[in-house]
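Each value in this text was obtained by applying a stated rule to the coordinates, not by laboratory testing. Quantities reported herein were computed from a predicted structural model and do not represent experimental measurements. With ideal geometry, Cβ positions are generated from the backbone for all residues, glycine too; neighbour counts draw on all protein chains shown.
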Amino acid sequence: MQIYKQEDIQKIKSELYSLRIKYCDLMGQIFDLSAKIKEEKAREYLHYGVGRRLEVIERCIENIFLIFPVERNNLLCREELIDVMINLHAFFVNIFGLLDNLAWVLIHEKKLAGIIDKKKVGLFKRETKKYLPNKFCQYLDSPQMKLWHEQYLTNYRDAFSHRIPLYVPPPKY
């Protein structure tokens, strides 16, 4: 029994391919940005924070679809379920961390470390946002981004970091 229609499978595979292209483009942009950054600590957060997290995020997506391809019809075994959960967890934790790393790039590039309390550093935090370009702040303050940040990113990150980790229910045999 096929779960998805063939056209949906092709659409998902096309989107995955598109994601890989976007990932490569983004890594190139990070490399270009690195050359423009003056502060070593900001460059460090860009390379080792943002760059590494993007690699992990991209690999998590790859792993999930290798373990559980969209055209798969049989149930996952226990080990596969756990591997999918591990990759989902790493994916979401690194998305949250990547946003924090971007905020730290800004803080160090603008020489604000020590001026802003480290607990107040974050792209969505008022104390950090006042140093962001106006157009970027408008984007972060848009209803869509506020909703995403408040109802999804923060809520889910807090839930699986402090309460219950992401879970893929086991099959009922």
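Let me know the charge dipole size of the chain about its Cα centre in debye, to the nearest 20, where only the beta-carbon of Lys, Arg (+1) and Asp, Glu (-1) is charged.
It comes to approximately 660 debye.
If each DSSP helix of 4+ residues adds -39,500 (n - 2.57) and the sum is divided by the residues in the chain, what number results at 222 nm, nearest 500 deg cm²/dmol?
-19000 deg cm²/dmol
Neighbour counts of other C-beta atoms within 10 Å: give me 70, 105, 56 arranged from fewest to most.
Arranged by neighbour count, lowest to highest, 70, 105, 56 become 70, 56, 105.
Working out 0.36 nm times the residue gap between residue 168 and residue 52, then minus their Cα-Cα distance, what length gain in nm do you get to one decimal?
Difference between extended and current length: 39.2 nm.
Rounded to the nearest 0.05, what FRET efficiency do residue 147 and residue 111 give with R0 = 30 Å and r taken as the Cβ-Cβ distance? Could you check?
Taking R0 as 30 Å, the efficiency between residue 147 and residue 111 is 0.35.
Cross-link partners among lysines for residue 119, C-alpha distance below 28 Å, same-chain residues fewer than 8 apart left out?
Candidates past the 8-residue exclusion: 36, 38, 41, 110, 111, 129, 130, 135, 146.
Using a basic spin-label model with each label point 7 Å from the Cα along Cα→Cβ, how many nm lie between residue 124 and residue 66?
Between residue 124 and residue 66, the simple spin-label model gives 3.1 nm.
Convert each backbone phi in the range 48-60 into a coupling constant with the Karplus relation 6.51 cos²θ - 1.76 cosθ + 1.60 (shift: θ = phi - 60°), then list the ³J(HN,Hα) values in order as whole Hz, x for Gly and Pro.
Values, residue by residue: 8, x, 4, x, 5, 5, 4, 4, 5, 4, 5, 5, 4 Hz.
Taking DSSP loops as anything outside H, G, I, E and B, show the longest stretch in the chain free of trypsin sites (Lys or Arg not before Pro) there with at most 10 other beta carbons within 10 Å.
The answer is 39-129.
What are the residues whose amide H is under 5 Å from the amide H of residue 68, where those residues sit 5 or more places off or on another chain and H is modelled from the backbone?
none
Projecting each Cα onto the charge dipole of the range 6-163 (Lys/Arg +1, Asp/Glu -1 at the beta carbon, about the Cα centre), which of 85, 70, 28 comes out farthest on the positive side?
Value: 28.
Please find the FRET efficiency linking residue 161 to residue 34, where r is the Cβ-Cβ separation and R0 is fixed at 30 Å, and quote it to the nearest 0.05.
0.55
List the chymotrypsin sites (Phe, Trp or Tyr not before Pro) within the range 1-53 that DSSP assigns to loop and that have no more than 16 neighbouring Cβ atoms inside 10 Å.
Sparse-neighbourhood loop chymotrypsin sites (Phe, Trp or Tyr not before Pro): 4.
Please give the charge dipole size of the range 89-147, origin at the Cα centre, charges +1 on K and R Cβ atoms and -1 on D and E Cβ atoms. Round to the nearest 20 debye.
Dipole of the range 89-147, to the nearest 20 debye: 200 debye.
Using Cα pairs closer than 8 Å and at least 6 residues apart in sequence, work out the relative contact order for the range 6-163, in percent. The partial results should precede the final answer.
Values: 110 pairs, mean separation 34.7, N = 158.
Rounded, it is 22 percent for the range 6-163.
Under the Karplus relation 6.51 cos²θ - 1.76 cosθ + 1.60, θ = phi - 60°, what is the ordered set of whole-Hz ³J(HN,Hα) values for the range 101-112, x standing for Gly and Pro?
Values, residue by residue: 4, 4, 4, 5, 4, 4, 4, 6, 5, 8, 6, 9 Hz.
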